[in-house]
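Step one of this worksheet: look at the structure below.
The values are calculated or read from the model by the stated rules, or taken from the named source; none is laboratory data. Because the structure is predicted, anything quoted here is derived from the model rather than measured. No Cβ is skipped: glycine too gets one built from the backbone with ideal geometry, and neighbour counts run over all protein chains shown.
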Amino acid sequence: MRKKESTFLNMVLSLAMITIVAGFSLGFVNDLTKGPKAKAKLERKINALKLVLPEFDNNPVAEKQLIKSDKFKDSIEIYTALFNNEFVGSAVVGSSNKGFSGLIKIMVGFNPDGKIQNIAVLEQKETPGLGTKMKDEKFLKQFRGKDPSSFNLKVIKDGGEVDAITGSTITSRAFGEATQMAYDEFIKNK
Amino acid sequence: MTKKIDQKQNFLKGILKENPVFVMLLGMCPTLGVTSSAFNGLGMGVATLFVLLMSNIVVSLIKTQIPSKVRIPAFIIIIASFVTVVEMVLEAFIPFLYEQLGIFIPLIVVNCLILGRAESFASKNNLWSSIVDALGMGIGFVIALTILGATREILGSGSIFEMKFVSEDANTFILFILPPGAFIALAYLSVLFNKISIKTLS
């Protein structure tokens with residue numbers, strides 16, 4: 001079979017055909033995956049909520065509050081957990097842009113008295129094997145049960161109390177900053 | 001009439017004689033970027049294998065319809081479409097892997113291995129040969145990335161597929177997880193690979 005010749009009309013037509021087919025098939029796949037994608041995202045959020053909050057029986061996702069803040073571009077998400085209609089804690093999404101590779105997003109769960117219940121990492125792009133160790137038990141456990149009003153969230157090198165991850169001071173610093181931000185918002189909106 | 005191709009040779013060449021990573025040094029960007037652990041290397045390899053297979057199939061099917069002056073943009077559109085499909089499907093159905101590879105998936109578009117096979121093989125050969133070529137090259141790529149990832153993970157984090165075999169506080173060669181370690185590991189592995197393959201082939 002002979003190749004099509006490279007006349008102007010042939011080139012325009014074949015490229016147009018390819019882009020049209022590509023465009024439509026992408027739209028089709030997008031439609032197909034939209035539902036599962038949203039579901040997967042929601043599931044991840046609920047799993048994170050279950051991890052950072054004490055037991056709850058309401059639906060925090062449906063009752064989330066969006067707080068506008070002049071310090072941060074995106075509004076801050078706060079999830080309130082109730083058990084038998086009693087306030088048992090809230091989860092605040094904190095973030096920092098100062099990670100080793102940009103944005104770090106974490107969810108911090110607070111008890112009603114302001115102590116940290118648990119922290120879950122939602123989004124990060126840190127170096128695998130180094131910065132990603134912030135998801136490890138060894139690093140996270142030092143935050144549990146601490147009250148940020150008395151526990152300095154800076155790393156030891158900067159005069160704080162956080163034991164940084166070996167080789168990932170920048171990540172640890174950003175993590176502390178994100179936690180601090182979550183705490184500030186929690187106190188402001190209690 | 002094109003000359004008949006020995007399909008077994010066609011398949012094996014991607015794994016040994018023309019291994020995309022260790023011999024042809026193609027697709028270095030994802031190779032060096034994601035292989036900080038064996039699992040990442042494997043995931044990236046499989047995603048690339050899928051895109052390579054699909055693009056080879058499509059390019060081989062429509063090769064006579066593309067005027068040669070615009071073939072490169074046409075190939076890139078085809079490849080980019082499949083990469084986007086992979087990204088959406090992963091996000092929807094395997095969110096765990098998507099989280100691990102997230103930022104590297106769009107990079108598959110600029111992997112010159114895929115464009116290279118479309119240009120030098122699929123656009124000149126029939127469908128069946130192109131499929132075999134894509135499978136051979138893709139599997140060669142998966143193997144190479146997994147070996148490189150495993151080497152860096154063993155030396156750099158003291159673990160393999162996230163299973164640690166040294167104590168938590170042990171000093172490992174962190175260098176191997178960082179970008180320079182990728183170059184060093186790749187260089188030594190290439191030497192080793194070529195030495196072994198030359199010996200087995202001759």
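Go through segment B:165-191 and report how many residues are exposed (fewer than 13 other Cβ atoms within 10 Å of the Cβ) and more than 10 Å from chain A (Cβ to nearest Cβ).
The first filter runs over segment B:165-191 and keeps only residues exposed (fewer than 13 other Cβ atoms within 10 Å of the Cβ), leaving B:165-171, B:179-180, B:183, B:187-188, B:191.
When the remaining residues are screened for being more than 10 Å from chain A (Cβ to nearest Cβ), the result is B:165-167, B:170, B:180, B:183, B:187-188, B:191.
Going through segment B:165-191 one residue at a time, the tally reaches 9.
May I ask you to verify whether residue A:32 is farther than 26 Å from residue B:95 by Cα, without any contact (Cβ under 8 Å) to a residue 12 or more places away in the chain and either within 14 Å of another protein chain (Cβ to nearest Cβ) or surrounded by 12 or more Cβ atoms within 10 Å (Cβ to Cβ) (or both)?
Working: farther than 26 Å from residue B:95 by Cα: no; without any contact (Cβ under 8 Å) to a residue 12 or more places away in the chain: yes; either within 14 Å of another protein chain (Cβ to nearest Cβ) or surrounded by 12 or more Cβ atoms within 10 Å (Cβ to Cβ) (or both): yes.
When the stated conditions are applied, residue A:32 does not pass them.
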Please tell me if residue B:59 is farther than 23 Å from residue B:186 by Cβ, buried (at least 21 other Cβ atoms within 10 Å of the Cβ) and either more than 10 Å from chain A (Cβ to nearest Cβ) or in contact with a Cys (Cβ under 7 Å, 6 or more places away or on another chain) (or both).
-> yes
Inspect all residues belonging to segment A:77-84 and state whether any of them is more than 30 Å from residue A:163 (Cα to Cα), surrounded by fewer than 14 Cβ atoms within 10 Å (Cβ to Cβ) and either of a type in the set (A, V, I, L, M) or modelled with pLDDT under 85 (or both).
-> yes
Residues being surrounded by fewer than 15 Cβ atoms within 10 Å (Cβ to Cβ), touching a helix residue (DSSP H, G or I) at 6+ places or on another chain (Cβ under 9 Å) and among the small types (Gly, Ala, Ser): count how many of those fall in segment A:17-29.
-> 2
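Show me the helices (runs of 4 or more DSSP H) entirely contained within segment B:76-174 in which 1 or more residues are of a type in the set (Val, Ile, Thr) and either more than 30 Å from residue A:39 (Cβ to Cβ) or touching a Gly at 6+ places or on another chain (Cβ under 7 Å) (or both).
Working: elements: B:95-101, B:112-117, B:127-157.
By residue number, B:112-117, B:127-157.
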Within segment B:155-164, the count of residues that are free of Cβ contacts under 8 Å to residues at least 24 places away in the same chain, surrounded by 11 or more Cβ atoms within 10 Å (Cβ to Cβ) and not small (Gly, Ala, Ser) comes to 1
Can you name every residue in segment A:133-172 that is closer than 20 Å to residue B:153 by Cα and assigned to a loop (DSSP other than H, G, I, E, B)?
-> A:136, A:165, A:166, A:167, A:168
